[in-house]
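Got a structure here, written out as structure tokens. Questions coming.
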């Protein structure tokens with residue numbers, strides 16, 4: 001049976017969402033102490049979480065991850081050629097086939113979504129052309145909690161393009177859509193003057209910063225990014241204030 005990575009916290013007993021928040025704060029503090037800065041932290045925005053996933057891809061993923069037998073048959077029965085009817089002026093119209101999405105208000109939907117999301121997370125973790133932020137011996141590449149994903153990159157002008165390519169390819173086969181324009185990033189830089197935008201980018205070179213902002217679709221955040229209900233800030237002082245306010 002396949003086991004999800006420790007980054008996907010909800011499925012590990014005793015783990016809680018604030019573990020991911022602490023992990024993200026650790027990366028932010030590390031970047032503020034680093035002198036040679038050329039990094040980006042991206043908060044990925046998922047488009048219409050439960051509506052886009054292709055059901056055929058979902059069922060194949062379950063089978064490939066070792067979920068078979070009775071469990072797979074039950075899920076397949078739920079999603080085997082489902083249809084929906086529209087009632088217009090009291091009259092039920094002809095049934096239409098549903099080829100994407102999971103059932104609304106179904107307790108199983110969140111689990112199915114996370115299993116599909118794990119395919120993307122695993123692809124990002126295993127892709128050698130996507131390098132995370134190294135803290136000591138640890139490479140922090142992503143932090144995932146259901147549909148809230150943080151991706152950490154070094155050399156973003158090159159590696160962010162690799163990330164975008166991987167996401168686009170995954171979206172084509174799975175229906176799992178990433179809203180790139182609404183995804184925010186911290187752009188870490190020694191340059192104090194930044195454009196009014198939404199991603200955290202860290203770099204020592206103003207030219208590099210300008211190139212990144214012109215080539216990448218992410219919104220560059222000047223102040224904060226929301227992750228798991230917490231407003232993550234670029235610097236330690238404001239971040240402590242945000243955590244105290246939330247608490």
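The values are calculated or read from the model by the stated rules, or taken from the named source; none is laboratory data. None of the values given here were measured: they were computed from a predicted structure. Virtual Cβ from ideal backbone geometry, glycine too; neighbours counted across all protein chains shown.
Results for (1) under 22 Å from residue 175 (Cα atoms); (2) touching a strand residue (DSSP E or B) at 6+ places or on another chain (Cβ under 7 Å); (3) surrounded by 10 or more Cβ atoms within 10 Å (Cβ to Cβ); (4) free of Cβ contacts under 8 Å to residues at least 24 places away in the same chain, shown as yes or no for each residue.
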{"residue": "67", "(1), (2), (3), (4)": "yes, no, yes, no"}
{"residue": "71", "(1), (2), (3), (4)": "no, no, yes, yes"}
{"residue": "78", "(1), (2), (3), (4)": "yes, no, yes, no"}
{"residue": "81", "(1), (2), (3), (4)": "yes, yes, no, yes"}
{"residue": "88", "(1), (2), (3), (4)": "no, no, no, yes"}
{"residue": "92", "(1), (2), (3), (4)": "no, no, no, yes"}
{"residue": "100", "(1), (2), (3), (4)": "yes, yes, yes, no"}
{"residue": "104", "(1), (2), (3), (4)": "yes, no, no, no"}
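Restricting attention to segment 165-183, which residues are touching a residue at least 40 places away in the same chain (Cβ under 8 Å), surrounded by fewer than 16 Cβ atoms within 10 Å (Cβ to Cβ) and farther than 27 Å from residue 107 by Cβ?
Within segment 165-183, 182 is the sole residue that qualifies.
Of the residues in segment 106-134, how many are without any contact (Cβ under 8 Å) to a residue 12 or more places away in the chain and more than 20 Å from residue 46 (Cα to Cα)?
2
What helices (runs of 4 or more DSSP H), lying completely within segment 1-105, carry at least 3 residues that are modelled with pLDDT under 80 and under 20 Å from residue 122 (Cα atoms)?
The helices (runs of 4 or more DSSP H) meeting that bar are 17-33.
Also, I was wondering about something else. State the number of residues belonging to segment 133-146 that are touching a strand residue (DSSP E or B) at 6+ places or on another chain (Cβ under 8 Å) and either part of a strand (DSSP E or B) or at pLDDT 90 or above (or both).
Residues that pass the stated criteria total 8.
Further, regarding this structure: Looking at (1) touching a helix residue (DSSP H, G or I) at 6+ places or on another chain (Cβ under 6 Å); (2) within 29 Å of residue 159 (Cα to Cα), which is the one condition that is false for residue 42?
Against the list (1) touching a helix residue (DSSP H, G or I) at 6+ places or on another chain (Cβ under 6 Å); (2) within 29 Å of residue 159 (Cα to Cα), residue 42 comes up short only on (1).
Residue 116 is checked against (1) more than 30 Å from residue 32 (Cβ to Cβ); (2) buried (at least 19 other Cβ atoms within 10 Å of the Cβ); (3) touching a strand residue (DSSP E or B) at 6+ places or on another chain (Cβ under 7 Å) and fails just one. What number does that condition carry?
(3)
Can we say residue 124 is in contact with a strand residue (DSSP E or B) (Cβ under 7 Å, 6 or more places away or on another chain), at pLDDT 80 or above, surrounded by 18 or more Cβ atoms within 10 Å (Cβ to Cβ) and more than 28 Å from residue 52 (Cβ to Cβ)?
So residue 124 fails the test.
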